[in-house]
Each structure stands twice: as C-alpha cells, then as structure tokens.
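*Asks:* Quick one: the structure is below, questions incoming.
The values are calculated or read from the model by the stated rules, or taken from the named source; none is laboratory data. Every value quoted in this text rests on a predicted model; they were computed, and no experiment measured them. Glycine also receives a Cβ, built like all others from the backbone with ideal geometry; neighbour counts cover every protein chain displayed.
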Amino acid sequence: MSAAPEARCTARRVAVIGGGLAGITAAIALAEAGAAVTLLEARPRLGGATCSFARDGLIVDTGQHIYLGCCTAYRGLLDKLGMTAHAPLQARFDVTVLAPGSRSGRLRRTALPGPLHMLPALARYRFLSLAERASVARPALAMRFTNPAAPRVDEQRFGDWLAARGQSDRARRALWDLFTVSALNIAGDDASLSLAATVVKTGLLGKNNAADIGVPALPLGELHGDAGATLLTKLGAQVLLNAKVAAIEPADSPDSRFLVRLARGGDDAAVPAEIPADAVVLAVPHEAAARLMPPGALPDATVAGWAGLGASPIVNVHVIYDRPVTELPFAAAVDSPVQWVFDRTRISGLDRNSPGKAQYLAISLSAADEYVEVPAAELRERFVPALAQLFPAARGAQVTEFFVTRERRATFRQAPGTARLRPGPGTELPGLVLAGAWTDTGWPDTMESAVRSGLAAAIELRRTALSAPGHPDSALSAPGHPRAGYSGSVVSGSEGNSSTSTIGVRQ
C-alpha cells in the first residue's frame with residue numbers, strides 16, 4: 001500500500017547520528033522526501049556492525065550475516081542500494097546439518113504451501129528420534145496461535161514453553177536451537193518467547209519461501225557501507241565520517257530546533273564543531289543513545305531502563321586451510337561447539353591469491369558468553385579439531401592462518417521482559433526520534449529490525465516535525481510497529497510480515 005502523494009519537507013535540515021543500517025535507511029528515506037540530510041558516523045566507514053576490514057590482503061567481515069526471503073524491509077534496502085544481485089536468495093530453503101563422525105542431515109523445504117512445506121524435512125531429520133520428530137507438530141501448531149505482541153508472552157522463556165509442549169532437551173538443542181540461537185543471540189532456552197515466536201511464526205511457519213536463505217556475495221562493507229554512501233551522495237546528502245557526537249542540545253534559535261555538538265570537530269577540517277538541525281535521528285546502540293538523550297526528551301526512568309536490555313556477544317572464528325576441505329557454501333552443526341560455518345574463500349579474495357589451493361572457513365558463534373574472553377590460542381585448540389570432526393578432509397589439511405573477531409555487545413540480550421524496555425521512535429521533544437535494531441520494531445535485534453527502525457523514524461518525522469500543515473503523512477504506519485518497505489521515493493506500507501536471521505554479528 002503506497003503512501004499519500006509526496007510532499008516536500010518544510011523543515012529541511014536533518015542530522016542522522018549513526019551510520020549503521022538504521023541510520024543509512026532513515027537518511028535515504030528522508031533525503032528522498034526532500035530533507036537536507038547530514039549523516040554523522042563516528043567510525044571511518046559506514047555500515048555499523050555490518051562492516052568489513054582488510055587483513056593480510058583479505059577482506060574480512062566483522063561477522064557473518066544472512067537474511068531470509070521474508071525480510072521485506074531489508075530486501076527493500078538492498079534494492080535501493082542496487083545490491084540485490086549481490087545477496088542472492090536460495091531457490092529453496094536448504095540447510096545441511098553436520099555432526100561429528102561424518103554424520104549429516106538435511107533440512108530442505110518442499111513446494112507445499114506453508115506451514116506444510118517443512119513437514120517432509122522434519123519427518124526425515126536424522127538427528128531426532130521418531131518420537132521426537134512426531135512431537136514437533138505440537139509446539140508448531142501452538143505457535144500459530146501465540147501472539148508475540150502480548151506482554152505475558154514476552155515474560156516467558158522459550159525453553160519452558162517448549163518443554164511444556166513435549167520438547168525434550170535433545171529436540172531443543174538439535175532442532176529449535178539451530179534457528180533461535182542464531183536469530184536471537186541468546187541460549188535458546190533463555191530467549192523471550194515473544195521474539196522466538198516472531199522468528200518461528202514468520203520464518204518457519206509462514207509462506208513456503210519465507211525461510212529461504214540469502215547470503216551476501218560481497219563483503220558487507222561494500223554491500224551496505226560503500227553502496228549507502230554512494231546513494232546518499234547522489235541524493236545530495238552529506239556524509240561525515242570520524243564525526244563523533246558529544247551532545248544533542250535543544251536550540252533557543254528560531255532558525256533551528258537542535259544543535260548537534262561534535263567531539264572531534266577540530267580534528268578534521270571536513271567535520272564542523274557543531275551542526276544546527278531542524279530534526280535529529282538518533283540511530284546508535286542503546287547505551288550510546290542513553291548518554292546522548294537531552295533533558296526532557298524522555299522520562300529519566302525510561303532512559304535508565306534501557307540498561308536492562310543488556311548485551312550479548314558474538315564471536316567469529318576464522319580458519320584458513322592450505323587446501324579445500326568442503327564444497328558446502330555453509331552448514332549448521334549439532335553435537336559440536338561449532339554452530340554455523342561459512343565458506344568465505346571467494347568473498348574474502350583468497351581465491352584470487354590461491355585459486356583452488358586454499359579455503360577460508362568462518363565459524364559463527366552466537367550467544368558466545370563462554371568464548372568472548374577466551375584467548376585465540378585456546379579457541380584454536382578447541383575449534384580446529386571440531387572442524388576436523390565435521391569435515392574429514394580437514395584432518396589432513398594444514399591450518400595456515402587462524403584469527404578471531406569478537407563483538408562483545410553485538411545485540412541486546414533478548415531475554416523475557418525486554419519488550420517493555422524497547423522504545424518507539426518518538427520522543428517528547430518534537431523533531432527528535434530514535435532508530436536502531438534495539439528499538440520497538442516488534443522484531444529481534446537483526447538487520448531487518450535495523451532497517452524497519454530507520455523507516456519508522458522517517459515516518460515519525462514525516463508525520464510530525466517534517467510534514468507540511470494538513471499533509472496526511474499521519475496516516476502512515478503507526479510508529480513502533482511499521483509494516484514498511486521502500487516504494488519509489490517514499491516510505492510505504494507492505495503487506496505481510498518479515499523477519500531475519502543474523503548469524504555472526506548483530507546489525
């Protein structure tokens with residue numbers, strides 16, 4: 001459903017603080033609506049947690065990310081950036097599941113309509129007993145009638161809910177954890193039932209193509225950061241890197257509502273010491289947002305409550321072999337410390353240096369509290385043998401390089417009771433809005449949530465501070481739970497829901 005006819009913003013200067021997916025999305029939507037946008041990013045590159053860096057001639061992503069076919073908002077952003085072809089979707093959901101001892105299974109959907117499309121794969125899933133496979137239908141049916149938006153649902157642990165519906169510890173580890181741990185970045189039993197239900201209902205029990213997996217074919221820095229900077233420049237927006245914001249102050253000037261003060265204005269001639277703005281999008285992690293909130297923007301108790309969202313880490317273990325050890329592009333694992341493993345040979349550029357002779361695998365470890373402070377040498381002792389148990393060819397291969405990347409605060413901790421702590425985009429200061437995957441999008445802290453939050457922030461500003469008098473932008477999607485995507489140059493509604501699975505780092 002398209003938005004009302006376009007109207008140019010009457011208050012034109014918007015400062016977007018934070019150059020992750022939420023900030024990029026909001027900046028694009030507002031620039032297309034006619035605002036004069038300045039995007040401020042403290043790092044030397046855009047992309048936030050979805051970024052890349054160079055290491056010994058290779059391009060390394062800070063963490064592995066995937067998305068699902070039902071991620072309408074994220075897919076809309078890819079389309080805007082001209083990157084759709086560089087993050088291809090599977091023709092059909094298909095995951096190889098490995099276990100030590102050369103055991104393997106496969107979860108592949110059929111062409112049947114959802115939720116029937118997954119039943120044949122579950123019926124043949126070798127890592128569950130016949131009785132456990134039969135028992136999966138009970139929680140699956142119950143999940144279809146679970147309302148993720150109900151407060152009482154958010155107060156429940158997913159593990160308790162599954163156990164009450166006949167799911168053994170084995171079934172929870174070998175099946176349900178495959179999807180919820182990577183999507184929610186928390187031990188499956190400890191996850192909020194509300195957020196787990198969003199993942200399961202939309203991704204696994206929704207349309208038959210909802211869970212089809214998309215894997216970036218370019219480094220994330222190119223896919224999001226570089227492409228975002230290019231599009232924003234084309235739209236006339238100003239992108240300032242190495243621009244760390246120190247404060248947001250309401251202005252007493254008739255010429256602007258806010259003054260954004262920068263901590264490093266004197267270090268770079270291109271970065272001013274302060275920026276006047278008619279509106280501000282604060283698109284940073286919740287800890288940073290709490291520090292930057294000006295007095296009167298929200299009740300002190302609300303802002304203080306964001307600390308209760310906490311943080312959950314993700315660790316990525318990078319292993320380069322002197323020869324190929326698997327032909328799989330990615331795989332999940334059970335009965336192993338490995339969770340998901342991805343072939344990064346081509347995307348990193350290793351194939352250009354050693355065509356057909358070496359292979360680069362990256363292990364993504366979500367809910368990685370037990371690993372985040374472990375030295376790389378100890379992780380090597382554990383994970384190199386673990387890979388050899390999954391890939392027999394690795395037993396005779398030599399590890400030529402091993403390193404670890406860590407995201408200590410990759411996502412908020414998506415435990416029961418967090419829904420009430422997540423704010424919507426609006427604040428009590430007209431013109432100041434919030435964005436970020438941690439805000440109240442109704443979805444887990446993922447790339448999809450980040451993009452949705454940026455759209456929600458743009459909608460809120462269009463509805464309030466940036467709308468011409470009498471313009472019907474207030475009829476757009478309600479703040480906090482937008483069903484939004486991109487349509488032409490305006491933010492628009494989209495039929496259906498979406499979700500995402502993020503493996504590696506949180507967006």
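*Asks:* On the basis of being among the small types (G, A, S) and in a loop (DSSP other than H, G, I, E, B), does A393 make the cut? Write out each step before concluding.
*Replies:* Working: among the small types (G, A, S): yes; in a loop (DSSP other than H, G, I, E, B): no.
Against the criterion (among the small types (G, A, S) and in a loop (DSSP other than H, G, I, E, B)), A393 does not qualify.
*Asks:* Kindly list, by first and then second residue, each pair from a residue in segment 91-119 that is closer than 18 Å to L387 by Cβ and in contact (Cβ under 8 Å) with a residue 60 or more places away in the chain to a residue that is among the small types (G, A, S) and in a loop (DSSP other than H, G, I, E, B), limited to pairs with Cβ atoms under 9 Å and residues at least 6 apart or on different chains.
*Replies:* As it stands, the answer is L98/S336; A99/S336; P100/S336, since those pairs meet every condition given.
*Asks:* Pick from D160, D212: which is over 22 Å from the mean Cα position of the chain (by Cα) and of a type in the set (D, E)? So that I can check it myself, show each step before the final result.
*Replies:* Working: D212 fails: over 22 Å from the mean Cα position of the chain (by Cα).
None of the other options fit; the residue is D160.
*Asks:* Is it the case that segment 295-311 has a residue that's among the polar types (S, T, N, Q), touching a residue at least 24 places away in the same chain (Cβ under 8 Å), out of contact with any strand residue (DSSP E or B) (no Cβ under 6 Å at 6 or more places or on another chain) and not assigned by TED's automatic domain parsing to the domain that holds G63? Step through it out loud before you land on a result.
*Replies:* The first filter runs over segment 295-311 and keeps only residues among the polar types (S, T, N, Q), leaving 302.
Filter once more, keeping what is touching a residue at least 24 places away in the same chain (Cβ under 8 Å): 302.
Applying the additional criterion that residues be out of contact with any strand residue (DSSP E or B) (no Cβ under 6 Å at 6 or more places or on another chain) yields 302.
Within this subset, residues satisfying the condition of being not assigned by TED's automatic domain parsing to the domain that holds G63 are 302.
Yes, segment 295-311 has at least one match.
*Asks:* Shifting gears a bit: (1) under 30 Å from G228 (Cα atoms); (2) in contact with a helix residue (DSSP H, G or I) (Cβ under 6 Å, 6 or more places away or on another chain): which one isn't true of R165, the others all being true?
*Replies:* (1)
*Asks:* Hey, among E373, E401, E381, which residue is more than 20 Å from Y321 (Cβ to Cβ) and at pLDDT 95 or above? Full working, then the answer.
*Replies:* Values: E401 fails: more than 20 Å from Y321 (Cβ to Cβ); E381 fails: more than 20 Å from Y321 (Cβ to Cβ).
Unique residue meeting the criteria: E373.
*Asks:* Please verify whether segment 461-484 includes one or more residues that are crowded, with 24+ Cβ neighbours inside 10 Å, touching a Pro at 6+ places or on another chain (Cβ under 8 Å) and at pLDDT 95 or above.
*Replies:* Taking every residue of segment 461-484 in turn, none turns out to be crowded, with 24+ Cβ neighbours inside 10 Å, touching a Pro at 6+ places or on another chain (Cβ under 8 Å) and at pLDDT 95 or above.
*Asks:* Moving on. Within segment 298-318, does at least one residue satisfy the condition of being in a loop (DSSP other than H, G, I, E, B), touching a Gly at 6+ places or on another chain (Cβ under 8 Å) and not aliphatic (A, V, I, L, M)? Show your work before the answer.
*Replies:* First, the residues of segment 298-318 that are in a loop (DSSP other than H, G, I, E, B): 298-299, 310-311.
Adding the requirement that they be touching a Gly at 6+ places or on another chain (Cβ under 8 Å) leaves none.
No, segment 298-318 contains no residue that is in a loop (DSSP other than H, G, I, E, B), touching a Gly at 6+ places or on another chain (Cβ under 8 Å) and not aliphatic (A, V, I, L, M).
*Asks:* Which one is nearest to the chain's Cα centre (by Cα), of the residues in segment 247-263 that are in contact (Cβ under 8 Å) with a residue 40 or more places away in the chain and surrounded by fewer than 20 Cβ atoms within 10 Å (Cβ to Cβ)? Walk me through it before giving the result.
*Replies:* Pass one, segment 247-263, residues in contact (Cβ under 8 Å) with a residue 40 or more places away in the chain: 247-250, 256-258, 260, 262.
Checking the rest, the ones that are also surrounded by fewer than 20 Cβ atoms within 10 Å (Cβ to Cβ) come to 247, 249-250, 256.
Numbers: A247: 27, E249: 30, P250: 31, S256: 33 Å.
Per the stated criteria, the residue is A247.
*Asks:* Follow-up question, since we're still on this one. Going through R152, R173 one at a time, which residue ends up being outside the structural domain of Q64 (by TED's automatic domain parsing), among the basic types (K, R) and over 24 Å from A99 (Cα atoms)? Lay out the reasoning, then the answer.
*Replies:* Details: R173 fails: over 24 Å from A99 (Cα atoms).
Matching residue, one of R152, R173: R152.
*Asks:* Something else: Output the number of the condition that L361 fails; it satisfies all remaining conditions of (1) touching a helix residue (DSSP H, G or I) at 6+ places or on another chain (Cβ under 6 Å); (2) at negative phi; (3) not in a helix (DSSP H, G or I).
*Replies:* Result: L361 passes all but (1).
*Asks:* OK, next. In segment 21-36, which residues are in a helix (DSSP H, G or I) and either touching a strand residue (DSSP E or B) at 6+ places or on another chain (Cβ under 9 Å) or closer than 10 Å to L455 by Cα (or both)? Break it down stepwise before answering.
*Replies:* Applying the first criterion (in a helix (DSSP H, G or I)) to segment 21-36 yields 21-32.
Those that are in a helix (DSSP H, G or I) and either touching a strand residue (DSSP E or B) at 6+ places or on another chain (Cβ under 9 Å) or closer than 10 Å to L455 by Cα (or both): A22, G23, I24, T25, A26, A27, I28, A29, L30, A31, E32.
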